[in-house]
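See structure below.
The values are calculated or read from the model by the stated rules, or taken from the named source; none is laboratory data. Keep in mind it's a predicted model, so treat the numbers as computed, not measured. Neighbour counts run over all protein chains shown; Cβ positions are idealised from the backbone, glycine included.
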Amino acid sequence: MTDLIEKSRSDEGVLRLTLNRPEARNALSRALIAALAAALREAASDDSVRVVLLSGGEKQFSAGADIKEFIAEGGAVLESPQRTEDWSAIERFPKPIVAAVEGYAFGGGFELVLLADIVVAADNARFAFPEVNLGLLPGDGGTQRATRIGGKALAMKMILTGEPIDAATALAAGFVSELAAPGAVTARAEALTALLATKPPIALRLAKAAMLAAYEVPLAAGLIQERQLIARAFATEDRLEGVTAFKEKRPPVFRGR
């Protein structure tokens with residue numbers, strides 16, 4: 001049986017995860033979501049993994065939810081406790097995720113992109129929430145994250161019409177971090193993950209947590225959390241290594257301690 005998630009690792013601490021249902025345009029079946037969640041749960045507790053590169057292959061990122069499951073099971077698909085837990089595991093992954101997006105990211109595929117921390121997309125990529133055309137609406141965070149990131153006007157247009165946006169619009173809205181030429185997306189994402197892998201792992205996790213809090217708590221509470229997290233960063237060996245390397249004019253070697 002073909003693995004639904006292809007995995008590969010670099011010696012520098014980059015874990016590459018590739019959605020692997022090309023025959024279904026990487027539709028997010030419960031099994032695929034479970035496989036991705038399992039890979040991220042394992043990576044979260046593996047100190048040798050510093051950053052994750054998530055991709056869907058050269059032709060598409062993901063067409064969205066598996067419609068065949070909806071037809072067969074109806075709303076029970078979304079109500080599955082295991083499916084909810086698996087999405088939560090992806091949402092809570094503490095280390096940086098860099099997504100490489102070629103082709104299209106629709107529906108649940110776009111919702112998955114919105115969980116990445118840095119997104120490199122092909123300049124001909126497309127993003128959409130087509131659920132309304134099935135009498136539905138995004139159900140895995142799309143209504144909330146798209147509105148918070150891209151703003152009410154664009155999110156309303158996308159979700160109520162189901163029409164796709166191009167990569168330039170996604171970049172301007174903040175859904176995407178940067179664009180690359182088709183075929184060059186993976187190389188650029190690999191360069192970014194290689195760079196992140198040289199950074200202090202604890203500081204990366206703390207910085208990610210602090211920034212995500214900006215979507216959850218009021219400013220005053222977020223500032224308090226930021227101060228608490230930077231205090232934790234100050235207590236690490238990596239902080240001492242960074243300062244020492246700066247004084248000695250040499251590249252730092254961060255060990256995640």
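Hey, can you tell me all the residues within the range 55-65 that are in a loop (DSSP other than H, G, I, E, B) and either crowded, with 24+ Cβ neighbours inside 10 Å or without any contact (Cβ under 8 Å) to a residue 12 or more places away in the chain (or both)?
Matches in the range 55-65: G56, F61, G64.
For every residue, the table says whether it meets (1) in a loop (DSSP other than H, G, I, E, B); (2) surrounded by 20 or more Cβ atoms within 10 Å (Cβ to Cβ); (3) in the same structural domain as F110 (by TED's automatic domain parsing).
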{"position": "E12", "(1), (2), (3)": "yes, no, yes"}
{"position": "L15", "(1), (2), (3)": "no, yes, yes"}
{"position": "E23", "(1), (2), (3)": "no, no, yes"}
{"position": "L32", "(1), (2), (3)": "no, yes, yes"}
{"position": "A39", "(1), (2), (3)": "no, yes, yes"}
{"position": "D47", "(1), (2), (3)": "yes, no, yes"}
{"position": "L53", "(1), (2), (3)": "no, yes, yes"}
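Looking at A245, A213, which one is surrounded by fewer than 15 Cβ atoms within 10 Å (Cβ to Cβ) and out of contact with any Leu (no Cβ under 8 Å at 6 or more places or on another chain)? Let's see the steps before the verdict.
Working: A213 fails: surrounded by fewer than 15 Cβ atoms within 10 Å (Cβ to Cβ).
Of A245, A213, the one residue that is surrounded by fewer than 15 Cβ atoms within 10 Å (Cβ to Cβ) and out of contact with any Leu (no Cβ under 8 Å at 6 or more places or on another chain) is A245.
Out of all the residues in the range 118-166, which are of a type in the set (K, R) and either more than 16 Å from the chain's Cα centre (by Cα) or closer than 22 Å to S55 by Cβ (or both)? Quick ask: steps written out before the conclusion?
At the first step, the residues of the range 118-166 found to be of a type in the set (K, R) are 126, 145, 148, 152, 157.
Selection gives R126, R145, K152, K157.
Collect the residues in the range 137-190 that are of a type in the set (V, I, T) and in contact with a Gly (Cβ under 8 Å, 6 or more places away or on another chain), keeping them in residue-number order. Don't jump to the end; show me each part of the working.
Going through the range 137-190, the residues of a type in the set (V, I, T) turn out to be 143, 147, 149, 159, 161, 165, 169, 176, 185-186.
Hits for the range 137-190 are I149, I159.
Evaluate the following for A173: is it over 12 Å from the mean Cα position of the chain (by Cα), surrounded by fewer than 22 Cβ atoms within 10 Å (Cβ to Cβ) and without any contact (Cβ under 8 Å) to a residue 24 or more places away in the chain? First the steps, then the outcome.
Details: over 12 Å from the mean Cα position of the chain (by Cα): yes; surrounded by fewer than 22 Cβ atoms within 10 Å (Cβ to Cβ): yes; without any contact (Cβ under 8 Å) to a residue 24 or more places away in the chain: no.
No.
For the range 192-245, name all the residues that are closer than 18 Å to R50 by Cα and hydroxyl-bearing (S, T, Y).
The answer is T193, T198, T236.
Consider T2 carefully, then state whether it is at negative phi, part of a strand (DSSP E or B) and among the polar types (S, T, N, Q). Give the derivation first.
Values: at negative phi: yes; part of a strand (DSSP E or B): no; among the polar types (S, T, N, Q): yes.
Here the answer is no, as T2 does not meet what is asked.
Take the conditions in contact (Cβ under 8 Å) with a residue 24 or more places away in the chain and either surrounded by 21 or more Cβ atoms within 10 Å (Cβ to Cβ) or β-branched (V, I, T) (or both) and apply them to I90. Does it pass? Even if it seems obvious, please write down each step before you answer.
On the way: in contact (Cβ under 8 Å) with a residue 24 or more places away in the chain: yes; either surrounded by 21 or more Cβ atoms within 10 Å (Cβ to Cβ) or β-branched (V, I, T) (or both): yes.
Yes; evaluated as a whole, the condition is true for this residue.
Can you confirm whether the range 187-199 contains a residue that is touching a residue at least 12 places away in the same chain (Cβ under 8 Å), basic (K, R) and not in a helix (DSSP H, G or I)? Write out each step before concluding.
Taking the range 187-199 first, the residues touching a residue at least 12 places away in the same chain (Cβ under 8 Å) are 188-190, 192-194, 196-199.
Okay, now just the ones that are also basic (K, R), so 188, 199.
Now drop any that are not not in a helix (DSSP H, G or I), which leaves 199.
Yes - at least one qualifying residue is present in the range 187-199.
Show me the helices (runs of 4 or more DSSP H) entirely contained within the range 200-257 in which 3 or more residues are under 26 Å from V14 (Cβ atoms) and touching a residue at least 60 places away in the same chain (Cβ under 8 Å). Spell out the reasoning first.
Details: elements: 201-213, 219-234, 237-248.
So the answer is 201-213.
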